1. Taking the condition touching a Gly at 6+ places or on another chain (Cβ under 8 Å), of a type outside the set (D, E, K, R) and within 30 Å of A:Ala242 (Cβ to Cβ), does A:Ala86 pass?
2. Could you tell me whether region A:228-240 includes any residue that is part of a helix (DSSP H, G or I), more than 14 Å from chain B (Cβ to nearest Cβ), under 12 Å from A:Asp132 (Cβ atoms) and among the small types (Gly, Ala, Ser)?
3. Residues A:Gly51, A:Gly45: which one is in contact with a Lys or Arg (Cβ under 6 Å, 6 or more places away or on another chain), over 26 Å from B:Leu37 (Cβ atoms) and at pLDDT below 90?
4. Consider A:Ala453 carefully, then state whether it is more than 18 Å from A:Phe501 (Cα to Cα), at pLDDT 85 or above and in a helix (DSSP H, G or I).
5. Just to verify a result, which residue in region B:18-45, among those that are under 15 Å from A:Ser275 (Cβ atoms) and of a type in the set (A, V, I, L, M), is modelled with the lowest pLDDT?
6. Taking B:Leu42 as meeting all but one of (1) of a type in the set (A, V, I, L, M); (2) closer than 21 Å to A:Pro312 by Cα; (3) out of contact with any helix residue (DSSP H, G or I) (no Cβ under 7 Å at 6 or more places or on another chain), write down the number of the exception.
7. Name the pairs: first residue in region A:532-557 and under 19 Å from A:Gly368 (Cβ atoms), second residue modelled with pLDDT of 80 or more, Cβ to Cβ under 6 Å, at least 6 apart or on different chains?
8. For region A:509-521, what are the residues that are part of a loop (DSSP other than H, G, I, E, B) and modelled with pLDDT of 90 or more?
Amino acid sequence: MSMSLPSHLGETVRNSPVPARHTPTYALVGNPNCGKSTLFNALTGLKQKVGNYPGVTVEKKVGTAYSQHGQPITIVDLPGAYSLAARSPDEAVTRDVLLGRRADTTAPDRILCIVDATNLERNLYLVHQIMDLGRPVILVLNMMDLAAKARLHISIDKLEKELGIPVIPCEASQGKGLIELKVAMSRSDLPLPRHSWTIPAPIAPAVSELQASLVDHSRKSALSARAEALLLLTDQDSVRVAGSTPLDARTLGILHTWQKRWESEGTDWAGSLVSSRYEAIGRLCAEVVRAGSADRSAANVSDRIDEVVTHPVWGWAILGVIMVALFVSIFTFAEYPMTWIDDHVASLSDWVKGVMPEGDLRDLITDGAIAGVGGVVVFLPQILILFFFIGLLESTGYMARAAFIMDRLMSKVGLNGKSFIPLLSSHACAIPGIMATRTIEDPKDRLVTILVAPLMSCSARLPVYLLMIAALVPNDRVPVMTKVGIMFGLYGVGYFGVFGFAWLFKRTLFKGPPPVMIMELPPYRMPRMRDVLMHMVERGGLFLKRAGTLILAISIMLWFLAAYPKAHDGATPQEQMTHSFAGKAGHALEPLIKPLGFDWQIGIGLVASFAAREVFVSTMGVVFNAQDTGEESTPLRQALLAAKWPDGRQLFTPLTCVSLMLFYVFAMQCISTIVIVKRETNSWRWPLFQLGYMTSTAWIVSFLVYQGGRALGF
Amino acid sequence: MAETIPLSGLAVGSSAVLREFPKTGPAFLRMREMGLLPGTSLKLVRTAPLGDPLEIEVRGYRLTLRRSEADAVRVEPGGR
């Protein structure tokens, strides 16, 4: 297969200086793994604002850098992209901002392109598309040290001359080249790229026609219309996201007419465009890059690591060790700050109880607001630790290897390797797990991962499992291994749910061509602690900002439901609880949960669990009037075992305990997760769907087990 | 033109030149944009522990793709 590319159709854009505004706005763009975040952090320091593009869950990062003369320069850090023909919501946002298709973000007037100097050809593909846009561009050649190590000699002068734009060599991680870059960025006479390349002949007339139509109907400038016209031809099945201005009907019509014609002629229009760009890049690289004697020592180190890390035996062992370390640290290191937070929240509320007169206002502050804030903040340690690890795994390059190793297994249920870490993290808590799904580019895979993540048994279910196991098997008569066995069984049932539902959703709700997994394996690099820590803090802040307030409001509401209406004066906590709205809800629920073996008192526990699953334990303590409410404590266990149905039958029979444990495996009883899913999917539709499918599965499973068990005589 | 085989049939550690590519499908457009074009030389570096996906070296960097895609890409063994 060969392509002939006549040269007479080449178009050249002439330089014309653009007057600078007082605070120029730069868009920072580049491929993933080229050091873009490091450069952004190095340029802006802590002067960053992180938010979301409205309607999509793509991070919007804006920062301010200062020129050598103290002039502010605004930098919009666009998501990493390989091409403007977007394949993920991240890339779609990058494309839309650059093309001025987003009403919420003004198109930046200048573009800062960063490329990995060790991987120039592929990195220049995006640069080549961006140079079409007709805006001043500065090219940053990052990782010059690694390029030198790989014996790649890049002639900066020749590159500047060929492209007609400033080219700044740089080592962002060492802070080298930043001064030169800032000097270039504050130039008022930044030139437009001298960008000449040949559009394949069969496509050229279509490009002109689309360009003219875009100028007429979408009021684009000539150059940006041409760039968009070129993009439309490779963009046909690419990702659309909310907030993007749709294409005008006229232009769309022209596009479809041409596509039909090419299809019937057998013209490979998109392919020939890509090829002609790579040909131009190839010629440029031949001009400016001289590869020295092939000592690829950096690549060799990476390769030697990979020999072990992706080894059929050692690879699994290393993945296992890393995952256990991740897991243990989330559980154990988070334990101390979480206890600390709990203790301080408790002492704060004790202090308030001491200084304020008794009454509803005091209860609102202590049991509603303070407890609610505590309930939000208590998630922070886990979120910070998880994102510290994820940042570390990502910046070293191991994350891509984990996805590489796990892809085969995950693909069995229609997911890809990138779902593995978020799902595993959900063992600690579904909230950080769901927040971690942002690394999954494919929107469908991401949504399915979010939908099934809460089925992974999280740490909040542990106290409930422990309480039920304690009620089920008395400590003194049964070996410890039985309890461990039951615990493993419950985790196993959770996995079954995760993979079963992922499989089901991929075959029903999210049917379509199997997602592709075309992923770069970046060379291993030393992690940049500063970037890792900034990422971690940013995540924690986002959680507090986005979910914190809503979780707080709902916590206060749940407190209200348990505290009102007031029982008579001097009522015990038990009497108050049964008299409250929560108690009434328990009664109302009883007909629905009786077939599962639960009475209204357990119903109160189920309702209270929405604040957090572990609240079940303390609620049971109040409802059954046990003095000490530790999950394995004897008084609570005995209180449970003494509980009876009105007709005198025992309430917590072994069968009821099993039914209740299975209910907790499947049921969606966590307001915080619901809120986070709403934030991450941008609608109430998916969290409500999740609440529905999980809770009805829980009901059905418990029903079958309880009724089946009864029929079998248990 | 010499014999071509699917990329997925290439022996681990051996090089080849890419010859033919399906024209349509988002996966294949993205593969081209990542620099896999007819005439590009590549090397099959390794497969994942479970045999899928594949890791290839192309234009000086490493890329993974699944066998299902690699089946449709025809390469001519040799080169480099």
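The values are calculated or read from the model by the stated rules, or taken from the named source; none is laboratory data. Keep in mind the model is a prediction, meaning the values are calculated, not measured. Every residue, glycine as well, gets a Cβ built from its backbone with ideal geometry; the counts of neighbours run over all protein chains shown.
1. On the way: touching a Gly at 6+ places or on another chain (Cβ under 8 Å): no; of a type outside the set (D, E, K, R): yes; within 30 Å of A:Ala242 (Cβ to Cβ): yes.
No: the conditions fail for A:Ala86.
2. yes
3. Details: A:Gly45 fails: in contact with a Lys or Arg (Cβ under 6 Å, 6 or more places away or on another chain).
Just a single option satisfies the conditions, and that option is A:Gly51.
4. Details: more than 18 Å from A:Phe501 (Cα to Cα): no; at pLDDT 85 or above: yes; in a helix (DSSP H, G or I): yes.
It is false that A:Ala453 is more than 18 Å from A:Phe501 (Cα to Cα), at pLDDT 85 or above and in a helix (DSSP H, G or I).
5. B:Leu29
6. It is condition (2) that B:Leu42 fails.
7. These pairs meet every condition: A:Ala547/A:Val675; A:Ala547/A:Ile676; A:Ala547/A:Arg679; A:Leu550/A:Val675; A:Ile551/A:Ser672; A:Ile551/A:Val675; A:Ile554/A:Ile671.
8. Across region A:509-521, the qualifying residue is only A:Leu521.
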